[in-house]
Structures are given as C-alpha cells and as structure tokens.
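The values are calculated or read from the model by the stated rules, or taken from the named source; none is laboratory data. The shown structure was predicted, so the numbers you read here are calculated from the model rather than taken from an experiment. As a convention, Cβ positions derive from the backbone with ideal geometry for all residues, glycine included, and neighbour counts pool all protein chains shown.
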Amino acid sequence: KLTSREFHPQDTVVDVDGVKIGDGSFTTMAGPCSVEGLEQIRETAQIAKEGGAKILRGGAFKPRTSPYAFQGLEEEGLKYLRQAADEFGLKVITEVMDENHIDLVARYSDILQIGARNMQNFKLLSAVGQTGKPIGLKRGISGTIDEWLNAAEYVAVSGKSPVIFIERGIRTFESATRNTFDLSAVPLIKKMSHFPIIVDPSHGTGVWDLVPPMARAGVAAGADGMIVEIHPDPENAWSDGQQSLNEKTYHQMMHEIQVLNTAM
Ligand code: PEP
Ligand code: MN
C-alpha cells in the first residue's frame, strides 16, 4: 500500500508552503472551531501566532449535529480566515465537507481538512487527493486504525496529495469526556505509515482543562504536532467553547510544550 511503511520506509515530511510537518519538530495549528467574523479571526490569529502556532485553523463549513445549529460563514469565512492568516504570517487549515466545494476551499486553504464524519466518504477522499494539497485526515468517530489507514489510501492512490493523520478521539461507552482520546494511535500509525500524525486534544476530550495535559501527552507519544481550538472569549464562542482555550491558558500550554520538546 502507498501509505504503508513497507512501501516507503522513511518518514514523509509534508511541506505546507514552507512549514514542515513530520521533520521531527512539533507543529501547532490553532484557532477557533468556527470563523465568526473578521475581527474574531484576526484577534485569534494574533493570539495563535504569539503562542508559537504556525498554522491557523477555523471552520467555514461546519459539520453540525443539528441542522438548526450555526453551519458556518462559508466563503465569507474562508476570506476572513485567509486574510487573518496572511496578516500574521500563518498557514491555513480548514474543513471541506462537499466535493462541490473543493476548488473553492482550495483557493483559500493550504491544508484541506477531512472531518471525522467524512473519513469514509470515499468519493470526497478521492477528489481531495487529486488537488495535490496536503490532506488533514481526521479519524472517524468510530473509525478503526485499519479503516483510517484505508481512508488515507484512497487519498494517496488518487493523486499526489500527502496525508496528515489527525487523532481526534473515538466514541466509546465513556461519557465523562466528549470522545475517548486514543493516544496509542500515535505510535501505531507511526509504525504502520510513513505519513505524519498530529493530535487534536480539543475534540479528543471536549473539556478545555483536559486539553493541555493531553497536548503534553501527545508530545510525549511522539506526535508531529497538534491542532487545538482557541478563542478570545470561549464562553461566547458560536461552537465548541467548552473545549476552547483562551489566550492565557493557550499561552501557558504552549510554554509547557516548548519546555517538553527541548527536553525530548
Ligand atoms: C472540527 O475540527 O471543528 C471538527 C468538526 O472536528 P471533527 O471532524 O474531528 O469532529
Ligand atoms: Mn470544533
């Protein structure tokens, strides 16, 4: 298989327009769950940059459980996200939910994110694989490691896009956390595939004060980076405020991670 270690023994380093993922450094992607407006995303981009993130995240097309919940600002959100990232020298990752929106999202984003709910949307995987852009592939809500690797194979076989695996927790019987964060996926994917893997402790736990310890655990497990939700005012966030760090807690976490990384 194209994604397997047997096929390609060396680590693949994914180059996101100059930002390298999988080269032994730890790359942080930070930003709000949803882009809510230009000022909100600019403020968040500044906080992200000051903490040491290299890539700005933010949803413009949102996969919401309820059809009545905020669905995202769509193209307007993509424009704000790109503008804020460019202003602060950051790259962009954002989700593409629909095959018909791939060209649109690819015009604004450096990495195309495939959400957990679309991990086995095989037509979407094949189509994004043809763009050549790096694909951030979230683990499915109840995706096994084997299903996840096969999803990555759909991307790899259809074109030239490299994959970045994103462990974001899986559904189990446990209800104290939003998902069960499966850290063993990090060394397991590293053993089985040459593509990098990052952790998403925000969706992995669903609780903001569990995020920094699980981010540190991600570093210890050997992840190539993380994607984390931050917001200037989490209590008033339009989505996922309960799992978002504010400026202070984000900067504190980034400091801890830097200390850990130099120790390792
Ligand atoms: C997100 O990143 O905001 C998101 C919707 O994540 P997931 O697809 O992992 O649920
Ligand atoms: Mn979210």
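Here are a few things to note about the model shown:
- Subset of region 197-241 [within 13 Å of residue 34 (Cα to Cα) and either within 14 Å of ligand 2 (Cβ to nearest atom) or modelled with pLDDT under 95 (or both)]: 228, 229, 230, 231, 234, 237, 238, 239, 240, 241
- Wholly enclosed strands (runs of 3 or more DSSP E) of region 1-89 bearing at least 2 residues among the β-branched types (Val, Ile, Thr): 14-16, 19-21, 27-31
- When residues of region 189-204 are limited to those that are more than 19 Å from residue 251 (Cβ to Cβ) and in a helix (DSSP H, G or I), the one farthest from ligand 1 (Cβ to nearest atom): 191
- Residue 57 being crowded, with 24+ Cβ neighbours inside 10 Å, charged (D, E, K, R) and either modelled with pLDDT of 95 or more or within 12 Å of ligand 1 (Cβ to nearest atom) (or both): yes
- Lone qualifier among 168, 178 - being more than 24 Å from residue 77 (Cα to Cα) and at pLDDT 95 or above: 178
One line per residue, one yes/no per condition, for (1) in contact with a Phe, Trp or Tyr (Cβ under 6 Å, 6 or more places away or on another chain); (2) over 20 Å from residue 101 (Cα atoms); (3) of a type in the set (A, V, I, L, M):
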| residue | (1), (2), (3) |
| --- | --- |
| 130 | no, no, no |
| 149 | no, yes, yes |
| 159 | no, no, no |
| 162 | no, no, no |
| 182 | no, yes, no |
| 190 | no, yes, no |
| 197 | yes, yes, yes |
| 209 | no, yes, no |
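- Meets criteria (in contact with a strand residue (DSSP E or B) (Cβ under 7 Å, 6 or more places away or on another chain) and either within 15 Å of ligand 1 (Cβ to nearest atom) or on the phi < 0 side of the Ramachandran plot (or both)) for residue 113: yes
- Residues satisfying the stated conditions in region 50-78, i.e. among the hydrophobic types (A, V, I, L, M, F, W, C), over 17 Å from the mean Cα position of the chain (by Cα) and within 20 Å of residue 230 (Cβ to Cβ): 70, 73
- Within region 215-252, the set of residues being in contact with a Leu (Cβ under 9 Å, 6 or more places away or on another chain), in a helix (DSSP H, G or I) and crowded, with 24+ Cβ neighbours inside 10 Å comprises 218, 243.
- When residues in region 76-101 are screened for being surrounded by 15 or more Cβ atoms within 10 Å (Cβ to Cβ) and either charged (D, E, K, R) or modelled with pLDDT under 95 (or both), 4 of them pass.
- Pairing each residue of region 202-214 that is within 15 Å of residue 234 (Cα to Cα) with any residue that is modelled with pLDDT under 95 and surrounded by fewer than 22 Cβ atoms within 10 Å (Cβ to Cβ), provided the two are 6+ apart or on different chains, yields no C-beta distance under 7 Å.
- Close pairs (6 angstrom Cβ cut-off, 6 or more residues apart or separate chains): at positive phi in region 27-54, away from ligand 1 (no atom under 16 Å from the Cβ) and assigned to a helix (DSSP H, G or I) anywhere: 52/254
- For residue 129, the criteria (1) within 12 Å of ligand 1 (Cβ to nearest atom); (2) crowded, with 22+ Cβ neighbours inside 10 Å; (3) not aliphatic (A, V, I, L, M) hold in every case but one, which is (1).
- Within region 215-264, tally of residues that are within 16 Å of ligand 1 (Cβ to nearest atom), within 23 Å of residue 14 (Cβ to Cβ) and of a type in the set (A, V, I, L, M): 6
- Residues of region 181-196 satisfying the condition of being surrounded by 24 or more Cβ atoms within 10 Å (Cβ to Cβ) and either modelled with pLDDT under 95 or not hydrophobic (A, V, I, L, M, F, W, C) (or both): 193, 196
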